[in-house]
Amino acid sequence: MITVDKLRKEFKKTVKEPGLKGSVKSLFKPKSEKVVAVRDISFSVEEGEILGFIGPNGAGKSTVIKMLTGILTPTAGSCTINGKNPTQNRQSYVKEIGVVFGQRTQLWWDLPLRETYGVLKEIYEVPEDSYNRRMAFLNEVLELEEFIASPVRTLSLGQRMRADIAASLLHSPKVLFLDEPTIGLDVVVKDNIRKAIEYINRHEKTTVILTTHDLADIEQLSKRIVMIDKGTKVFDGSIAGLKTQYGQIRELTFETGVANAAAVLEYAKHFSLGEEDVSVETEGNVVKVRFNSAAVPVSDILSYTLNKVSVSDISVKDADIEEIIRRLYGQGAV
Amino acid sequence: MKRKLKIYLPFVNAGMQEVATYRVNWIFFMLGEALSCFVTYFIWAAVYSSGDKESMNGFTMPQMIVYIVLMFLTGTIIASDGAYVVGEEIRDGSIIMRMIKPVSYNATFLFQELGNKLPTEIAIAAPMIITVEVIRTMISGVLQFNALSLILYLFSCALAYLISFYFNICFGFTAFVIKYLWGANMMKNVVVGFLSGAVVPLSFLPGVLEKVFLFLPFASLNYTPVMIYMGKYTGAQLLYYIGLQVFWVLFFFGLSKLLWRISVKRLSSQGG
Ligand SMILES: Nc1ncnc2c1ncn2[C@@H]1O[C@H](COP(=O)(O)OP(=O)(O)OP(=O)(O)O)[C@@H](O)[C@H]1O
Ligand SMILES: [Mg+2]
C-alpha cells in the first residue's frame, strides 16, 4: 500500500550572523546551511494497517508526512502510495487520501462548519446519499452536532480537531495521514477520536499513518510502530517487539522505614552497574528502582534489598512503553 | 466544464460568506475609495477653472467628471487582493491546506474572490451607472445612455478583472520567490494606478508615452473599459483594445501557472 524507499529531505537554511553587520552581509551574500531533516528512511505499510510514527521533537516526523502527502518534494529517494507518486499529479493523488495536521486547520476559517462540509462534498465529488450517511456517522462518533452551525474560527481546539478529522474522512479516503491528531485534547475527546480512527480502520480497511507524542494513542490503535530520531529510523516493529528488544527494564518499588535507604543500598556500586542500567528515586518512604534485568537478575536485586533494609511492601513490574521510549529518546537513539 | 463549475461554485459561496463576516472592512475600503474619488474631482475642477480652454486633450470638464466616476467604479470592480493573500498564505503556511485538496490553487482563489465581490459590485454598480447617466443628461440636456456601450463595458470589465486577478497572483508569487518585497505592494499600487490612467487620462500624456502605456497591460485594466463606456473606442479600435485585453488575460494566466510551479518547488525546499 505504502512503500517508502530511502526517503531523504534536506532543507536550505539561510544563516544570518548576529547584529546589524550580519544583516547587511546576509543581504548581499546570504549564507546558507544544509539541514538534513530526513535521512534515507525506508519502510512499508500494508493495506488496513495503522502505523504509529513516533520520535522526539524535531525528529523529522512531520517532514515525512509532508513528503507522503505531496506537499514537500523529497531531495532523494521515493515514496509510492497506492501505486501513485504524491508529487506527480497532485490533484488526482490527494483525492484518495485524508490529511490532518493537528497544528493547523484545513477548514475555511469564516464558514460555518456545515457549509465547509458542503464545499468538501463538491470538491471530492461525494454522491448525495453517501454524503448523508457519512455525515450521520461522523456526527455520531465525533459529536459534531453541538457546533456544526458555528463558524470554524469560533470553535475550541477540541471541537476544531474533531471537525478536522471529520473533514478528512468525508470522502472515505484509502489512506489517512494524521500528524498529531490528539495534541492538546482532553481525555474524553482523545478517546472519541481514537474510537473514530479505529472504527474507520476496521470497517473500511483504511490505512492510517499517525504521529503522536501520546503513547496511549499508539498503544490503543497500532500494532506496529516506526521510531525515528534525528531523521534516521531507529526502530520498526511491533510494540511487543519494542518491549523485548529494549524492555529488559524492571521497576522495583518498596516501602521502608529506613530514611536514607537509597544511600545505604548503593545498587550501582554493589552490582557494579552503569548509570544506564540502574536509577533510584525516593519519594517519602517509597523507593523506586529502575534497573536492567539483563545486567542484574531480578532475584539478586530482591534478596539484596530485603537483606539490607527492612521493607513493609514490595513489588516488581515491567517497565511500560513510555519508560522504554523515555530511555531511547534520552540516549539520543540507539 | 459543468463538473468544474460544480467544484468551484462552493468557493463563490465561501467568498460570499466571508463578506458577511467582514462587512465593516469593506465599508471602510469603499469610503477610502470614494474619498480619493472626491479628491481627484477637486483637483481636476481646479485645473479646468484655472485654464481657459473648454476641453483638454479631448476631455471637457463634464466628461472628466464622468471619467472620474467611471474610473472609481471600474477600479472597485477589478480590484483584486491576490498579491496580498498569496503572500500571507505562503508565509503562514496555510497554502498547505489548499495543496492537499484536489483543486487548482489559482482557481480556488479566483472563485472565492468572485464570491467576495459579486454581491457588493452589483450593489454599487447600478447606482453608479445611474449617477453617471444623470450627470451626462443634466449637462448635455439629452439622454446619452447606450445599452450596447454598457454591455461592452461590463464585458471589458470582466476581462480587466481577470487580468487584474492573475497579475496580482503573479505578483504575490514573485514576492515570495524573491523574498519579502513587502513595500513593493504599496509601490505597485501607485505605479499601476498611474499606468492604468486612474490618476490622469492616458490621452493627457505625450504621444510616444501614451502609445507605450496603451499597449501595456495596465491600460487594459481601468482605461479600456472606461473609454469603451464613454464611446471613445469604436469599430476596429474597439476590437483591437478588447483583443489586447484577451491577450493580457492569457499572458498572465500562463505566467501564473508557471510561477505557481516555481513557487511550489521553492516552498518545497524552504519548507512551509
Ligand atoms: N522549512 C524548514 N526549513 C528548515 N528546516 C526545517 C524546516 N522544516 C523542518 N525543519 C527541520 O527539520 C527537522 C525535522 O522537523 P519536523 O517538523 O519534521 O520534526 P517533527 O518530528 O515533526 O517534530 P515535532 O515532534 O516537534 O513535531 C527539524 O530539525 C526542523 O528544524
Ligand atoms: Mg511535527
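The table below lists the values:
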quantity	calculated
Complete set of residues in the range B:89-117 that are at pLDDT 85 or above and surrounded by fewer than 17 Cβ atoms within 10 Å (Cβ to Cβ)	B:A107
The one condition in (1) within 16 Å of ligand 1 (Cβ to nearest atom); (2) open to solvent by 20 Å² or more (accessible area, probe 1.4 Å); (3) more than 27 Å from A:E219 (Cβ to Cβ) that A:Q88 fails to fulfil	(1)
Residues that are on the phi > 0 side of the Ramachandran plot and within 16 Å of ligand 2 (Cβ to nearest atom), drawn from the range A:53-73	A:G55, A:G58, A:G60
Answer residue from the range B:138-153, given it is surrounded by 14 or more Cβ atoms within 10 Å (Cβ to Cβ) and in contact with a Pro (Cβ under 8 Å, 6 or more places away or on another chain) and is nearest to B:L239 (Cα to Cα) among those	B:Y153
Condition check for B:K53: in contact (Cβ under 8 Å) with a residue 24 or more places away in the chain and basic (K, R)	no
Qualifying residue in the range A:228-245 (condition: part of a loop (DSSP other than H, G, I, E, B), under 29 Å from A:F43 (Cα atoms) and touching a Gly at 6+ places or on another chain (Cβ under 9 Å))	yes
Criterion (within 16 Å of ligand 2 (Cβ to nearest atom) and open to solvent by less than 50 Å² (accessible area, probe 1.4 Å)) met by exactly one of A:G231, A:G241, A:G274, A:G237	A:G231
Test result for A:T116, in contact (Cβ under 8 Å) with a residue 40 or more places away in the chain, assigned to a helix (DSSP H, G or I) and either out of contact with any strand residue (DSSP E or B) (no Cβ under 8 Å at 6 or more places or on another chain) or not small (G, A, S) (or both)	yes
Sole residue being surrounded by 12 or more Cβ atoms within 10 Å (Cβ to Cβ) and within 18 Å of the chain's Cα centre (by Cα), chosen from A:L72, A:L7, A:L68	A:L68
Of residues in the range B:60-88 being among the polar types (S, T, N, Q) and touching a residue at least 12 places away in the same chain (Cβ under 8 Å), the one surrounded by the most Cβ atoms within 10 Å (Cβ to Cβ)	B:T74
Meets criteria (away from ligand 2 (no atom under 16 Å from the Cβ), in the same structural domain as A:F235 (by TED's automatic domain parsing) and under 20 Å from the mean Cα position of the chain (by Cα)) for A:I50	yes
Contacts under 7 angstrom Cβ, first residue in the range B:105-130 being farther than 18 Å from B:A160 by Cα, partner of a type in the set (K, R) and crowded, with 17+ Cβ neighbours inside 10 Å, 6 or more apart	none
Filtered residues of the range A:155-201 (kept if aromatic (F, W, Y) and outside any helix (DSSP H, G or I))	A:F177
Checking A:E33 against (1) more than 16 Å from ligand 2 (Cβ to nearest atom); (2) at pLDDT 90 or above; (3) part of a strand (DSSP E or B), the condition it does not meet	(2)
Qualifying residue in the range B:219-228 (condition: surrounded by fewer than 15 Cβ atoms within 10 Å (Cβ to Cβ) and not in a loop (DSSP other than H, G, I, E, B))	no
Residue in the range A:193-210 that is within 16 Å of ligand 2 (Cβ to nearest atom), at pLDDT 90 or above and crowded, with 21+ Cβ neighbours inside 10 Å present	yes
Any hit, the range B:154-174, residues being crowded, with 19+ Cβ neighbours inside 10 Å and farther than 26 Å from B:W26 by Cα	no
In the range B:19-29, residue surrounded by the fewest Cβ atoms within 10 Å (Cβ to Cβ) [restricted to those that are in a helix (DSSP H, G or I) and within 10 Å of another protein chain (Cβ to nearest Cβ)]	B:A20
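Condition check ((1) in contact with a helix residue (DSSP H, G or I) (Cβ under 6 Å, 6 or more places away or on another chain); (2) within 30 Å of B:S140 (Cβ to Cβ); (3) within 13 Å of another protein chain (Cβ to nearest Cβ); (4) aliphatic (A, V, I, L, M)) across all residues:
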position: B:Q17; (1), (2), (3), (4): no, no, yes, no
position: B:L31; (1), (2), (3), (4): no, no, no, yes
position: B:V39; (1), (2), (3), (4): no, yes, no, yes
position: B:G58; (1), (2), (3), (4): yes, yes, no, no
position: B:V85; (1), (2), (3), (4): no, no, yes, yes
position: B:E88; (1), (2), (3), (4): no, no, yes, no
position: B:D92; (1), (2), (3), (4): no, no, yes, no
position: B:I96; (1), (2), (3), (4): no, no, yes, yes
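Conditions (1) of a type outside the set (A, V, I, L, M); (2) over 30 Å from B:S140 (Cβ atoms), marked per residue:
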{"position": "B:A20", "(1), (2)": "no, yes"}
{"position": "B:F42", "(1), (2)": "yes, no"}
{"position": "B:E54", "(1), (2)": "yes, no"}
{"position": "B:I68", "(1), (2)": "no, no"}
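Rundown of residues vs (1) over 22 Å from A:I200 (Cβ atoms); (2) touching a helix residue (DSSP H, G or I) at 6+ places or on another chain (Cβ under 7 Å); (3) part of a strand (DSSP E or B); (4) free of Cβ contacts under 8 Å to residues at least 60 places away in the same chain, yes/no style:
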site: A:S44; (1), (2), (3), (4): no, no, yes, yes
site: A:E47; (1), (2), (3), (4): no, no, no, no
site: A:F53; (1), (2), (3), (4): no, yes, yes, no
site: A:M67; (1), (2), (3), (4): yes, no, no, no
site: A:I71; (1), (2), (3), (4): yes, yes, no, yes
site: A:P74; (1), (2), (3), (4): yes, yes, no, no
site: A:C79; (1), (2), (3), (4): yes, yes, yes, no
site: A:P86; (1), (2), (3), (4): no, yes, no, yes
site: A:Y93; (1), (2), (3), (4): no, no, no, yes
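The values are calculated or read from the model by the stated rules, or taken from the named source; none is laboratory data. This is a predicted model, so every value here is computed, not measured. Quick reminder, even Gly has a Cβ in these numbers, built from the backbone with ideal geometry, and neighbours come from all protein chains shown. Areas reflect the complete protein model, heavy atoms only, side chains present, ligands, DNA and RNA absent. Shrake-Rupley method; radii C 1.70, N 1.55, O 1.52, S 1.80 Å.
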